[in-house]
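One structure below.
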Amino acid sequence: MFLFLPLSLIAYYFSRNKNWVLLISSLIFYSFGGLKLIYVLIGMTVISYIGGLLIDASHRRPIRRMWLWGTVTLLLMILVFFKYTNFFIDLLRNLTKGDFQRIDLVLPIGISFYTFQLLSYVVDVYREDCEVQESFPKLLLYASLFHQCIAGPIVRYQEIARQIDNRMVTTEMVNQGITRFSVGLAKKAVFANHLAALADTLLPDKLENLSTSSVTGLWFGVLFYMLQIYMDFSAYSDMAIGLGKMVGFTYRENFRYPYMAKSISEFWRRWHISLGSFFRDYVYIPLGGNRLGLGRTILNLIIVWALTGFWHGAAVNYILWGLYFCVFIIVEKIFFSKRVSKRGKGISHIYTLVVVYFGWLLFRYTDLNLMLQIGKSMFGAGNLVGIDLRTMLLLKNNCFFIIAAIVGSTGLIRFINEWLIEWGIRHRWVMNLVMIANVAVIPILLLLSVMSLVGNSYNPFIYYQF
């Protein structure tokens, strides 16, 4: 914030070749996470670059398909090697009881994000949805843009192909970018980090620590984790969108208040939109989507949601998490959503929140036994006390913060702001107050974020596993 970002922006605004400045800045930024790992990013971009050229140069469909599958296979092999090798070793050891040793691998930061971006580029070239990129530096810029390379959103090449060559930066875009970045930073530094600390306080990390918890503490612990996940995930998308606007790029929205959804299907249309649309367009539809009958539709959904869960982490609980949502989506597609909608939006909203709430319990714990014991204890099966002093004090000391986090997870603040602006059109003094408030909130958010980061060493980067 105080060194890399200002220097990179100054260099960008005053340079003639802005793409080169962005590329160098992005590679420097990525190298902070490990200089050797940058070769993985560059190597996968080389594979995609050559694959795209070969696909574009081939006019016979079988040859084009051969180059497509060859390129896709190489990219996925690299992703699987770094991210899932030890998972399969553990699985093989458990199944065969053999003495298989894990490999000491360092996961390249953001490999799942830039792999999917490069996959979308190669497939889109094959489908002729975009023109092949003949400049390797420009393709590397697309893959390594520091705004979203390590934490998303997944930006498709066809969405920003024109912006790579032609984009303009206006004062309004910079203003919007700073605002969006500041909001995202506050979500992460002020809200997500503190919510993570609250959740970690109330939720045990080992089975032997469960006895020190309380039933109420477990329920609130999962609630805090639920809020933390949204604040954390959406924060990085907000910051990426803001940083992009500062240099003329426009990225699509990635989170649209998912906790306001009234069905699980709608939840996933609002949650991690870039990931959901990727699996829809590059896996679900190519498998046949819902065009081949109910049985095939269900099979396609199972495949997509198992992969969606597996993308989030190399552990069984992530696969089960994906299949957990798959069950509700299948049921909704057959009959459930219509019955719920007839009974009112309130019931639909409560049903969705309950399903998502317990889904995060499955997402958090790789130890399935611990997760099951916590789930049982939440309903009184673990002989835990109803509420303990620690939970009471925690709720008392953080009540206003918790309310603010809940409100921030809804669209209420944006709705009030838009309503005041609309009202201000007819009342000048209201408009003046709204404008002053919108301007003043940015330095306040930045100040609070910096204070939180400086004063708190607890700063979990949960996207690292991706």
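The values are calculated or read from the model by the stated rules, or taken from the named source; none is laboratory data. Everything numeric here is computed off the predicted structure, so don't read it as measured data. Positions of Cβ are generated from backbone atoms using ideal geometry, with glycine treated the same way; all protein chains shown enter the neighbour counts.
Things to note:
- Residue check, K262 over 26 Å from V123 (Cβ atoms), in a loop (DSSP other than H, G, I, E, B) and not assigned by TED's automatic domain parsing to the domain that holds Q148: yes
- Pairing each residue of region 216-241 that is free of Cβ contacts under 8 Å to residues at least 24 places away in the same chain with any residue that is not in a helix (DSSP H, G or I) and not aliphatic (A, V, I, L, M), provided the two are 6+ apart or on different chains, yields C-beta distances under 8 Å for G221/S213.
- Summed over region 265-309, residues that are among the polar types (S, T, N, Q), surrounded by fewer than 19 Cβ atoms within 10 Å (Cβ to Cβ) and more than 29 Å from D238 (Cα to Cα) total 1.
- Here I42 clears all of (1) under 24 Å from K188 (Cα atoms); (2) surrounded by 13 or more Cβ atoms within 10 Å (Cβ to Cβ) except the condition numbered (1).
- Extreme residue, nearest to the chain's Cα centre (by Cα), among residues of region 157-187 that are buried (at least 23 other Cβ atoms within 10 Å of the Cβ) and free of Cβ contacts under 8 Å to residues at least 60 places away in the same chain: G184
- Taken over region 209-254, the residue count meeting the criterion of being surrounded by fewer than 20 Cβ atoms within 10 Å (Cβ to Cβ) and under 19 Å from L445 (Cβ atoms) is 0.
- Of all the numbered requirements in (1) part of a helix (DSSP H, G or I); (2) touching a residue at least 60 places away in the same chain (Cβ under 8 Å), F249 misses one, and that requirement is (1).
- Which numbered condition R65 fails, given (1) surrounded by fewer than 15 Cβ atoms within 10 Å (Cβ to Cβ); (2) under 20 Å from L307 (Cα atoms): (2)
- Among the criteria (1) under 20 Å from G110 (Cα atoms); (2) of a type in the set (D, E, K, R); (3) surrounded by 19 or more Cβ atoms within 10 Å (Cβ to Cβ), the one K262 does not fulfil is (1).
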